[in-house]
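Engineer: I have a structure here, written as structure tokens, and I will follow up with some questions on it.
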Amino acid sequence: MSKIKVLIVAGTMHVGGIENQLMHLLRNADKDKYQLDFTSTNPNAYYRKEIETIGGRFIEINGMNHNNPFPYCKQMYSLMRDGKYDIVHSHELFHSGITLLIARLAGVKSRIAHAHNWKEGNGNYSVSRKIYHTAMRLSLNMNSTLKIACSKYAGQFLYGKSATKKKNYHLVYNSVDTTKFLDSDLSKTEFRSEEWINVINVARITAVKNQQLLLEIAKEFKKNHDQIRILCAGNGEKWLIDYLNQEIEKNQLMDYFKLIGVRDDIPQLMNDSSAFVLPSLYEGMPLVLIEAQASGLPCVVADTFSHEVDFDIGSVIWEKLNETPKQWAEEIRKAVRMGKFEKELIKAAIQKKHFDSRDFAKTICNLYDEEYARVTKKD
């Protein structure tokens, strides 16, 4: 039997929540049954080596120039047609409307859209952006044969409420490799300390992830002489990193607020922390919050996205974004005092909500099988 060929279109395949999720899929999929290929606009993408090592194909493409989209469209059309893909699985929010239209023109009979966010930018859309959303939503609903969303809000945002009630719509929660985070015997990091209590944030350094608020919270810890420091793991926009570094120096926050860059030891960092904080302006369904809860951490997060990600064991404190940094600091202190949650309670929640990466991969591969069967039956 020939493999089911899937082209996954997902931006760069660099470090990020969507990319991490897709790597869970690749790691757990049956390599004898599925050929998973990934497009990327970044030839030096973080996951390139692993993709190629474990049987995936890494395909470099050029990003689309909106002033002249024809070269991009032509490149994608040729890739899809010549690759003879059974399935195109697109993760590019509204841009998926273009991707799946190209897939249809290229003769790909199974075309999957996947929603990961319930908002774009700050949510204040210009007239032209609203027109773009409307046009792309129409294209998505016309050209997708299957629609997936990581949360209820994400599905409604990308496809519209009526589309989420149809048979070809599926709600598939994000997941993580929970075994990495359940292990309490992890090696220690340089931040394990008897003197300092660590509160960790794992996110790209961008305006949307709102590390500026974390800086203000750190000021509150310093003002109160708390031995609590915030560790920000991740990379991102240079202007914001430069701004944060300037503010750290200006306010003498070096002990209270640390930018520690991209790390490959997130489970260990969470193990060495006492709480997790995520003040994002919006999220789809943040994988990192699943990871933090799997690590047993009490979490203080912005009430800006679906509560479907909550383990429902009392581990998440939902906080309003318009609350003061002083109030956020107090909620973090409360979280620290809670202590870590018991493993058995965490395992039961993961099993109940299907948050493990093996469950996610199984669900997506089952959908691939159904789509492939539907198409081959028609043929």
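The values are calculated or read from the model by the stated rules, or taken from the named source; none is laboratory data. Predicted model only: the values in this text are computed from it and were never measured. Every residue, glycine among them, receives a Cβ derived from its backbone with ideal geometry; neighbour counts consider all protein chains shown.
Engineer: Examine region 66-73 for a residue that is surrounded by 14 or more Cβ atoms within 10 Å (Cβ to Cβ) and either polar (S, T, N, Q) or within 22 Å of the chain's Cα centre (by Cα) (or both), and state whether such a residue exists. It would help to see each step written out before you state the result.
Structural biologist: First, pick out the residues of region 66-73 that are surrounded by 14 or more Cβ atoms within 10 Å (Cβ to Cβ): 72-73.
Applying the additional criterion that residues be either polar (S, T, N, Q) or within 22 Å of the chain's Cα centre (by Cα) (or both) yields none.
No, because not a single residue in region 66-73 is surrounded by 14 or more Cβ atoms within 10 Å (Cβ to Cβ) and either polar (S, T, N, Q) or within 22 Å of the chain's Cα centre (by Cα) (or both).
Engineer: So which pairs qualify, if the first residue must be in region 20-35 and free of Cβ contacts under 8 Å to residues at least 60 places away in the same chain, the second must be surrounded by fewer than 19 Cβ atoms within 10 Å (Cβ to Cβ), the Cβ gap must be under 6 Å, and the two must be at least 6 apart or on different chains?
Structural biologist: Matching pairs, first to second residue: 31/55; 35/3; 35/5.
Engineer: Being among the acidic types (Asp, Glu) and in contact (Cβ under 8 Å) with a residue 60 or more places away in the chain is the filter; apply it to region 277-315 and report the residue that is farthest from residue 93 (Cα to Cα).
Structural biologist: Just the residues of region 277-315 that are among the acidic types (Asp, Glu), to begin with: 283, 291, 303, 308, 310, 312.
Those left that are additionally in contact (Cβ under 8 Å) with a residue 60 or more places away in the chain: 283, 291, 308.
Details: 283: 13, 291: 23, 308: 20 Å.
Among those residues, the one meeting the criterion is 291.
Engineer: Let me ask you something else. If a residue must be buried (at least 24 other Cβ atoms within 10 Å of the Cβ) and of a type outside the set (Ser, Thr, Tyr), how many such residues does region 86-101 contain? Give the derivation first.
Structural biologist: Here is the first cut: in region 86-101, the ones buried (at least 24 other Cβ atoms within 10 Å of the Cβ) are 87-90, 96-97, 99-100.
Within this subset, residues satisfying the condition of being of a type outside the set (Ser, Thr, Tyr) are 87-89, 97, 100.
Within region 86-101, residues that are buried (at least 24 other Cβ atoms within 10 Å of the Cβ) and of a type outside the set (Ser, Thr, Tyr) number 5.
Engineer: Take the residues in region 206-251 that are assigned to a strand (DSSP E or B) and at pLDDT 95 or above; name whichever of them is nearest to the chain's Cα centre (by Cα). Walk me through how you get there before you give the answer.
Structural biologist: Of the residues in region 206-251, the ones assigned to a strand (DSSP E or B) are 228-233, 236.
Now narrow it down to the ones that are at pLDDT 95 or above: 228-233.
Numbers: 228: 27, 229: 25, 230: 21, 231: 19, 232: 17, 233: 15 Å.
Residue satisfying both the conditions and the ranking: 233.
Engineer: Please verify whether region 316-329 includes one or more residues that are in contact with a Gly (Cβ under 8 Å, 6 or more places away or on another chain) and surrounded by 16 or more Cβ atoms within 10 Å (Cβ to Cβ).
Structural biologist: As a first pass, look at region 316-329 and keep what is in contact with a Gly (Cβ under 8 Å, 6 or more places away or on another chain): none.
Among the residues of region 316-329, not one is in contact with a Gly (Cβ under 8 Å, 6 or more places away or on another chain) and surrounded by 16 or more Cβ atoms within 10 Å (Cβ to Cβ), which makes the answer no.
Engineer: Residues to consider are 51, 18, 59; find the one that is closer than 23 Å to residue 115 by Cα and either part of a loop (DSSP other than H, G, I, E, B) or in contact with a His (Cβ under 6 Å, 6 or more places away or on another chain) (or both). Full working, then the answer.
Structural biologist: On the way: 51 fails: either part of a loop (DSSP other than H, G, I, E, B) or in contact with a His (Cβ under 6 Å, 6 or more places away or on another chain) (or both); 59 fails: either part of a loop (DSSP other than H, G, I, E, B) or in contact with a His (Cβ under 6 Å, 6 or more places away or on another chain) (or both).
Exactly one residue qualifies, and that residue is 18.
Engineer: In addition: Name every residue in region 114-141 that is in a helix (DSSP H, G or I) and either without any contact (Cβ under 8 Å) to a residue 24 or more places away in the chain or among the charged types (D, E, K, R) (or both), in order of residue number. Can you show your working first?
Structural biologist: Initial filter on region 114-141 (in a helix (DSSP H, G or I)): 127-141.
127, 128, 129, 130, 131, 134, 137, 141 - these are the residues of region 114-141 that are in a helix (DSSP H, G or I) and either without any contact (Cβ under 8 Å) to a residue 24 or more places away in the chain or among the charged types (D, E, K, R) (or both).
Engineer: Return the total of residues in region 154-188 being farther than 17 Å from residue 96 by Cα and touching a strand residue (DSSP E or B) at 6+ places or on another chain (Cβ under 9 Å). Walk me through it before giving the result.
Structural biologist: Restricting attention to region 154-188, the residues satisfying the condition of being farther than 17 Å from residue 96 by Cα are 161-162, 165-167, 171-188.
So of that shortlist, the ones also touching a strand residue (DSSP E or B) at 6+ places or on another chain (Cβ under 9 Å) come out as 166, 171-172, 175-179.
Here the count works out to 8.
Engineer: Could you list, in sequence order, all residues of region 96-138 that are more than 18 Å from residue 10 (Cα to Cα), in contact with a Leu (Cβ under 7 Å, 6 or more places away or on another chain) and at pLDDT 95 or above?
Structural biologist: Answer for region 96-138, where residues must be more than 18 Å from residue 10 (Cα to Cα), in contact with a Leu (Cβ under 7 Å, 6 or more places away or on another chain) and at pLDDT 95 or above: there is none.
Engineer: Search region 252-276 for residues that are in the same structural domain as residue 237 (by TED's automatic domain parsing) and pair each with any residue that is charged (D, E, K, R) and crowded, with 20+ Cβ neighbours inside 10 Å when their beta-carbon atoms are under 8 Å apart and the residues are at least 6 apart or on different chains.
Structural biologist: Close Cβ pairs (under 8 Å, with a partner that is charged (D, E, K, R) and crowded, with 20+ Cβ neighbours inside 10 Å) amount to 255/229; 256/229; 257/229; 258/229; 266/291; 267/291; 270/291.
Engineer: Which ones in region 290-320 are more than 12 Å from residue 346 (Cβ to Cβ) and either at pLDDT below 95 or among the charged types (D, E, K, R) (or both)?
Structural biologist: Within region 290-320, 303, 304, 305, 306, 307, 308, 309, 310, 319, 320 meet the criteria.
Engineer: Criterion first (crowded, with 17+ Cβ neighbours inside 10 Å, in a helix (DSSP H, G or I) and either at pLDDT below 95 or within 16 Å of the chain's Cα centre (by Cα) (or both)) does residue 24 satisfy it? Even if it seems obvious, please write down each step before you answer.
Structural biologist: On the way: crowded, with 17+ Cβ neighbours inside 10 Å: yes; in a helix (DSSP H, G or I): yes; either at pLDDT below 95 or within 16 Å of the chain's Cα centre (by Cα) (or both): yes.
Yes: the conditions hold for residue 24.
Engineer: Does residue 41 meet the test of being closer than 18 Å to residue 116 by Cβ, without any contact (Cβ under 8 Å) to a residue 60 or more places away in the chain, outside the structural domain of residue 205 (by TED's automatic domain parsing) and surrounded by fewer than 19 Cβ atoms within 10 Å (Cβ to Cβ)?
Structural biologist: Spelling it out, residue 41 is indeed closer than 18 Å to residue 116 by Cβ, without any contact (Cβ under 8 Å) to a residue 60 or more places away in the chain, outside the structural domain of residue 205 (by TED's automatic domain parsing) and surrounded by fewer than 19 Cβ atoms within 10 Å (Cβ to Cβ).
Engineer: Now, a different point. Among 86, 30, which is out of contact with any strand residue (DSSP E or B) (no Cβ under 6 Å at 6 or more places or on another chain), at pLDDT 95 or above and either of a type outside the set (Gly, Ala, Ser) or assigned by TED's automatic domain parsing to the domain that holds residue 132 (or both)? Walk me through it before giving the result.
Structural biologist: Numbers: 86 fails: out of contact with any strand residue (DSSP E or B) (no Cβ under 6 Å at 6 or more places or on another chain).
One residue alone meets the criteria, 30.
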